[in-house]
1. Could you tell me which of the residues VAL290, VAL301, VAL296 is farther than 30 Å from ARG105 by Cα, surrounded by fewer than 15 Cβ atoms within 10 Å (Cβ to Cβ) and more than 16 Å from the ligand (Cβ to nearest atom)?
2. What number of residues in region 78-101 are at pLDDT 95 or above, in a loop (DSSP other than H, G, I, E, B) and farther than 12 Å from GLY129 by Cβ?
3. Under the condition of being small (Gly, Ala, Ser) and within 13 Å of the ligand (Cβ to nearest atom), which residue from region 45-96 is surrounded by the most Cβ atoms within 10 Å (Cβ to Cβ)?
4. Tell me yes or no: at least one residue of region 201-218 is at positive phi, out of contact with any strand residue (DSSP E or B) (no Cβ under 9 Å at 6 or more places or on another chain) and either within 14 Å of the ligand (Cβ to nearest atom) or not aromatic (Phe, Trp, Tyr) (or both).
5. Filter region 342-354 down to the residues that are within 11 Å of the ligand (Cβ to nearest atom) and of a type in the set (Gly, Ala, Ser) and list them by number.
6. So which of LEU150, LEU193, LEU140 is within 15 Å of PRO45 (Cβ to Cβ), within 14 Å of the ligand (Cβ to nearest atom) and surrounded by fewer than 22 Cβ atoms within 10 Å (Cβ to Cβ)?
7. Quick check: is even one residue across region 343-360 assigned by TED's automatic domain parsing to the domain that holds GLU248 and without any contact (Cβ under 8 Å) to a residue 12 or more places away in the chain?
8. Name the one entry in ALA30, ALA125 that is in a loop (DSSP other than H, G, I, E, B) and at pLDDT below 95.
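The values are calculated or read from the model by the stated rules, or taken from the named source; none is laboratory data. All figures in this text were calculated on a predicted structure; none of them were measured in a lab. Cβ atoms come from the backbone with ideal geometry, glycine included; neighbour counts cover every protein chain shown.
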Amino acid sequence: MLSARRWPRKQNPSGRIAEPVVLRSPNLPAGYRPRAMRRATGQAPGRINLIGEHTDYNDGLVLPVALGLGVTVGVRGRDDRTAHLVTDADVEPRETWFVLGEERRDGTWADRARGVTAALQARAAILGGFDAEISSTLPLGAGLGSSAALAVALVRALRELFGLVLDDAEIAQVAHTAETEFVGARAGLMDQLASIHGRRSEALLIDLRDLSRIRVALPLALELAVIDSGTRHEHATGGYNRRREECEEAARHLGVDSLRDLEHRPLEEVLERLPPPLDRRVRHVITENVRVRDAVAALRVRDMSKLGALLDSSHRSLRDDYDVSTPELDRLVHLARDDRAVQGARLVGGGFGGSILALTERGEAESAAERILRRYDRGRLVAIVP
Ligand code: GAF
């Protein structure tokens, strides 16, 4: 593995420091040819987000936990400029290819891979052709960070195969650029950071304003069932980008750079200056940041009922104010709240389909999920956390 090191910086003609460039590691022995390292593997997990939804692109707070499920990418160097991809995931097509330097979107999952190679080359990375075998234990499009996991796993594999110097922050940026600039989903940075830094037994409090991270232990008494509703979202074409635009519009209207700048202002005063639905969108974002802080406090004192109430209230806010829930997610959350063992439940991730979290005492999540799923016909239990 190559170690992370300081960037070689490129000077632009004006003499100002330009974007960092990606080079092959200067540490490699003389005569070393990266493509002689013919095989490499990259892995990256998916995530749940305990609380703090649609806050990341508003410079806010999130609290993800890594899943034991994720994406593995095995790569092998080729002697041409082709990237050939095969996957065992439940997607179409199962096999595809493209020429490096000629990446063009085709609207399939493979755009994430094209986005990664395009973003790496835009940072001056020298790539050769490769065959990639992509396997995933993570359901795709289920609100569990699968796009970021695929991109991070591929960047890690290509870093090793081609001897690229990329630290974790840069891996996150490349994976994020692939999603936002190539795929066109204007997502925040939570999923990439959670995939790179997350651990299964801990929540990771990330402040997207300064990218600071604090690990928060999950109490031993806690367990979460992650249940896939079986309905799917598509960020790039769905309402996700529209929500982000609404937040930007609200910030412009209020004369602030980001909605995070509003956290110390009286909420009612802020809201009465906004037309609907911007007032409801902003109310979600501001109150969700407060809920993240409260959830961290609840985790620290192991107050499960407080945590459960916060999850419930987050779901209501996502449903009524942010308008990203669906009838299926609402039904699953309702069934979960009806279960004797569940202390709180909410949709997880971007919404518009995907999964829910149900909070229980340790040892109770699996049986609670079985009871919930008996009453909901098309979903499945994806994971028990931690
Ligand atoms: C998706 C996005 F990719 C994240 O950036 C985040 O906005 C999330 O939806 C909602 O919290 O997973």
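1. VAL301 is the lone residue from the list that is farther than 30 Å from ARG105 by Cα, surrounded by fewer than 15 Cβ atoms within 10 Å (Cβ to Cβ) and more than 16 Å from the ligand (Cβ to nearest atom).
2. Qualifying residue count, region 78-101: 2.
3. Pass one, region 45-96, residues small (Gly, Ala, Ser): 46, 52, 60, 66, 68, 70, 74, 77, 83, 89.
Then drop every residue that is not within 13 Å of the ligand (Cβ to nearest atom), which leaves 46, 52, 60.
Values: GLY46: 33, GLY52: 25, GLY60: 26.
If we take residues in region 45-96 being small (Gly, Ala, Ser) and within 13 Å of the ligand (Cβ to nearest atom), then GLY46 is surrounded by the most Cβ atoms within 10 Å (Cβ to Cβ).
4. Looking only at region 201-218, we keep the residues that are at positive phi, and these are 211.
Checking which are out of contact with any strand residue (DSSP E or B) (no Cβ under 9 Å at 6 or more places or on another chain) leaves us with 211.
Okay, now just the ones that are also either within 14 Å of the ligand (Cβ to nearest atom) or not aromatic (Phe, Trp, Tyr) (or both), so 211.
Yes, because at least one residue in region 201-218 is at positive phi, out of contact with any strand residue (DSSP E or B) (no Cβ under 9 Å at 6 or more places or on another chain) and either within 14 Å of the ligand (Cβ to nearest atom) or not aromatic (Phe, Trp, Tyr) (or both).
5. Quick first cut of region 342-354, residues within 11 Å of the ligand (Cβ to nearest atom) only: 347-352, 354.
The answer is GLY349, GLY350, GLY351, GLY354.
6. That would be LEU140, the only listed residue that is within 15 Å of PRO45 (Cβ to Cβ), within 14 Å of the ligand (Cβ to nearest atom) and surrounded by fewer than 22 Cβ atoms within 10 Å (Cβ to Cβ).
7. No, region 343-360 contains no residue that is assigned by TED's automatic domain parsing to the domain that holds GLU248 and without any contact (Cβ under 8 Å) to a residue 12 or more places away in the chain.
8. Selected residue: ALA30, the only one of ALA30, ALA125 that is in a loop (DSSP other than H, G, I, E, B) and at pLDDT below 95.
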